[in-house]
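Visitor: A single structure is presented below for examination.
What follows is calculated from the coordinates using simple rules that are stated; it is not laboratory data. Computed from a predicted structure; not experimentally measured. Every residue, glycine among them, receives a Cβ derived from its backbone with ideal geometry; neighbour counts consider all protein chains shown.
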């Protein structure tokens, strides 16, 4: 499970 | 990219176009909280500075440029172009009470203790509460122009659509972004009251009016 980094969501 | 996120982003885009349309056609920013709009500029600038050094996609890049520039343009419309139509005396929510705690939260909860990452966390936390001055103003005046409620509905729909997007991403990619998810759930919850009135009144053709 990866976290949201790097961020690809707006 | 999945459909929930795409439609969420499009809804976000639509909300800004609706707001611009409202201001331009009525030549007035009555009913719009300047504080909420200023907080959105802060959110977008803090989060999207990475457009100068991180390339995700053309889609991602164009959306970031659009959100930063349109939000600044809205501030200009409110503060300069249609200044007389903005009444600061009803826009009284203390925005500093939102910014301060968000700075503290970002310093504690972030994925890496670096400047861009703390800034990113800050923007996520701030976005989740940035609508509060606007909702507070609505509560205070007790009514809203229909076009303003469409703006808020599109904004709320954007947040709501990000939730199935995260569920989808969890199952399809194994991705979980706890900071974004928790802040996003809070943000969506803030719209519940508004949506109740929107669905039961505005979409039935009535005016948006809160019970006295």
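Visitor: Based on Cα coordinates alone, diagonalise the gyration tensor for the range B:105-177, multiply each eigenvalue by 5, take square roots, and list the semi-axes in whole Å, largest first.
Guide: For the range B:105-177, the semi-axes come out at 30, 19, 8 Å.
Visitor: What angle do you read, to the nearest 10 degrees and between 0 and 90, between the alpha-carbon axis of helix B:34-48 and the longest principal axis of chain B?
Guide: 20
Visitor: Express the C-alpha Rg of the protein assembly as shown as a ratio against the empirical globular expectation 2.2 N^0.38 Å, rounded to two decimals.
Guide: Scaled against compact globular proteins, the figure is 1.01.
Visitor: Provide Rg over Rh for the range B:1-89; use the alpha carbon set for both Rg and the Kirkwood Rh (inverse mean inverse pair distance). List each step's numbers first, then the result.
Guide: Values: Rg = 14.4 Å, Rh = 14.1 Å.
Dividing the radius of gyration by the Kirkwood radius yields 1.02.
Visitor: Mean separation of Cα pairs under 8 Å and 6+ residues apart, divided by the residue count of chain B: what relative contact order is that in percent? Mind showing how you got there, number by number?
Guide: Values: 233 pairs, mean separation 66.5, N = 212.
Here the relative contact order equals 31 percent.
Visitor: For the range B:70-114, rounded, prolate or oblate, judged on the Cα gyration tensor with a ≥ b ≥ c (square roots of eigenvalues), a/c < 1.5 rounded, else prolate if a/b > b/c?
Guide: It is oblate, given that a/c is not under 1.5 and a/b is not larger than b/c.
Visitor: If I fit a long axis through the Cα atoms of helix B:3-26 and take the longest principal axis of the Cα atoms of chain B, what angle between them do I get, 0 to 90°, rounded to 10?
Guide: Roughly 30 degrees between the two axes.
Visitor: Which residue fluctuates most in the GNM of chain B (Cα springs below 10 Å): B:134, B:187, B:24?
Guide: The residue that fluctuates most here is B:24.
Visitor: Evaluated at 10 °C with a viscosity of 1.306 mPa s, what Stokes-Einstein diffusion coefficient in µm²/s does chain B have when Rh comes from the Kirkwood expression over alpha-carbon pairs?
Guide: Answer from the Stokes-Einstein relation: 89 µm²/s.
Visitor: Something else now. Hey, what angle do you get for helix B:58-76 against the long axis of chain B, alpha-carbon based, 0 to 90 degrees rounded to 10?
Guide: 40
Visitor: Report, in deg cm²/dmol and to the nearest 500, the calculated mean residue ellipticity at 222 nm for chain B, where each DSSP H run with n ≥ 4 adds -39500 (n - 2.57) and the sum is divided by the residue count.
Guide: -22500 deg cm²/dmol
Visitor: In what sequence, highest mean first, do B:143-151, B:13-21 appear when ranked by Cβ atoms within 10 angstrom? Provide the component values of the computation, followed by the final result.
Guide: Working: B:143-151: 19.1, B:13-21: 17.6.
In decreasing order of mean packing, B:143-151, B:13-21 become B:143-151, B:13-21.
Visitor: Could you tell me whether the range B:89-212 comes out rounded, prolate or oblate from its Cα gyration tensor? Rule is a ≥ b ≥ c as square roots of the eigenvalues, rounded for a/c under 1.5, then prolate if a/b exceeds b/c, otherwise oblate. Before the final figure, lay out each step's value.
Guide: Values: a/c = 3.50, a/b = 1.48, b/c = 2.36.
Taking the square roots of the gyration eigenvalues as a ≥ b ≥ c, the range B:89-212 is oblate.
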